[in-house]
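Computed from the coordinates by the stated procedures, all read-outs in this text should not be read as laboratory data. Computed from a predicted model, the values in this text were never measured in an experiment. Neighbour counts are summed over all protein chains in view; Cβ atoms, including those assigned to glycine, are modelled from backbone coordinates with ideal geometry.
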Amino acid sequence: MQAARKLQVLKVLGRGTPLCRRFSSSQNVSPFQLLNARNHRPDSLNALRKPLSRVTGSVGGNHFRQPYSVKHTRKAADENLPIEKASLAERLPSRVSIPLDGESVEFSTVLLRDACSCPACVHESTKQRLFSTADIPTNVHARAVEVDALSESASITWENDVPGHSKEHVTKLSMAALRNIVQLGQAPGSHQDSFLPPVLWSQEPLNLPDYDYDAYMKDDHTLYQLISQLRTEGLAFVTNIPGLEESLATIATRIGPIKDTFYGQTWDVRTVPAAINAAYTSHDLGFHTDLLYFQQPPHIQLLHCIQSASSGGASVFADAFKAAVDLFHSDMDAFYTLATVPVNYHYNHPDSNVYHTTKPVIDLSPLRIGNTVYTQFQDYLNAMECRHAGDAGVEWQTAVLVDSLQKINWGPPFLAPFSNHESPMDPGNSALSVLNSKADEWHWAASKFNALLQRPEYLYERKMNPGECVLFDNTRTLHSRRAFDMADVGMPRWLRGTYVDKDPYLSKLRVLQNQFR
């Protein structure tokens, strides 16, 4: 049965054949078709995992998005007037030729005009633009280009410039910036993160240094080391913290603003009767992502141990990225199920708060190369392999996959019942047939993933003592807690928690990286 399942999936996905040798069989689809295909949930999950065509086209060997096939109209005062679409030839943009390193290089006119950072285009103090890219006239072109060998720069004056700019307006670009455009595809002022990649946990014990509270609060380099470790290992500990309620907020705001939720800016974890959250009971807490019923769960979670007189209740952490990678290598069918089939999560307290979201367990970043969008990771991997000059073995494949992992959405305590509400009905199949297939396939794949999470090489266990705070990546590092002994129930155990969102965390990481790296 299992062999038959695997064979069927391999046939559907066409794996093993690099996509560069299958381009001739691909079909072009419009962005509307791709959108419909993404939203459509067919009755068979094998069909769901069938690769969709790529969104691409070409003119003179250059890829471009195909224009929409629908007609756009605007409402006139007394009638509907069709907006005529310009032909492709009319829409082909002009170019600016600039001598660079002994060659004449052609740049998009819009690209260079858009890159202008003079005081008339970018406010000197706010660093915000004073013009809109959409306001650049379609017939803009370079009136003159002057290259200054002494200052290593090119100055461009424009004809038909952005409204409000005088004819004396000059765009000045360094030769280094122009080389970056040519070699890296980055216009000046554009941003591309150069963070260290996540390091998957292994069978070797996870050797994490503790960070002293005073050093963390006073020394920016210590802070940089800790938040860099959150990026690479997904887990860090601060020790020697004052036993004050407000200590947690001071640790969190060192990174960025606290995320306020219906639990408050900070919240306490204590065993209480009639608990509204599993964390407030003495039961074993399985691995989970916090606030998974939010559209955007928090990125960093912090837990400060203020009191702990109990003998049980050790904290356990698991590397869910490692589990996802191993699932991909061991059972591709299960991996694709968890990456493509969305399930429901909720917080259902009708008298106070009702939250509900639907999302897959494995959340991948958009699989895009140029203007080509891939809906299956294996097809994306094959396409990357065609462009890769070195060995494309398991280690290389793992690096590509880790780079594509956005987050893991794993929250058994928050799962809501299965539904088809994001699965448009197929006329040939009943609602029950679709739901049966979805529940069976997802359960089978989730069981595989859950089994991987229990392996010792995925785990880090530590009983937190008073004065310690754990910080972890809530979108990668799953956390759980061992159950208390009955004798521990009622003993003083007090953890205080809070969250920081992804944007302020990454902002702080970028600022400190610019300073120390």
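Once amide H atoms are built 1.01 Å from N in the peptide plane, which residues 5 or more positions from M464, or in another chain, come under 5 Å H to H?
S315
Extension gain L432-N420, at 0.36 nm per residue separation less the Cα-Cα distance, in nm?
Taking 0.36 nm per residue and subtracting the Cα distance, the gain is 3.4 nm.
Rank-order 132-143, 356-367 by packing density, defined as the average count of other C-beta atoms within 10 Å over each peptide's residues, highest first.
356-367, 132-143
What does the net charge come to around E468 if you take all other residues with beta carbon closer than 15 Å to its beta carbon, with K and R at +1 and D and E at -1?
Neighbourhood net charge equals +1.
Apply the Karplus parameterisation 6.51 cos²θ - 1.76 cosθ + 1.60, with θ equal to phi minus 60°, to every residue of segment 455-465 and state each ³J(HN,Hα) to the nearest whole Hz, in sequence, with x for glycine and proline.
Values per residue, Gly and Pro as x: 5, x, 5, 8, 10, 9, 10, 7, 8, 6, 9 Hz.
If you take the beta carbon distance between T239 and D148 as r and set R0 to 60 Å, what does 1/(1 + (r/R0)^6) give as a FRET efficiency, to the nearest 0.05?
Once the sixth-power term is evaluated, E becomes 0.60.
Taking the Cβ of L112 as the center, what net charge do the other residues with Cβ under 11 Å away carry, scoring Lys and Arg +1 and Asp and Glu -1?
Charge balance in the 11 Å sphere: +1.
Considering only Cα-Cα distances, which of the following residue pairs are longer than 31 Å: K322/K463; K218/K359; K259/K463; K448/K502; K259/K438?
Checking Cα-Cα distances, K218/K359; K259/K438 exceed 31 Å.
What is the percent of Cα-Cα separations in segment 93-184 that go past 18 Å?
Everything past 18 Å amounts to 42 percent.
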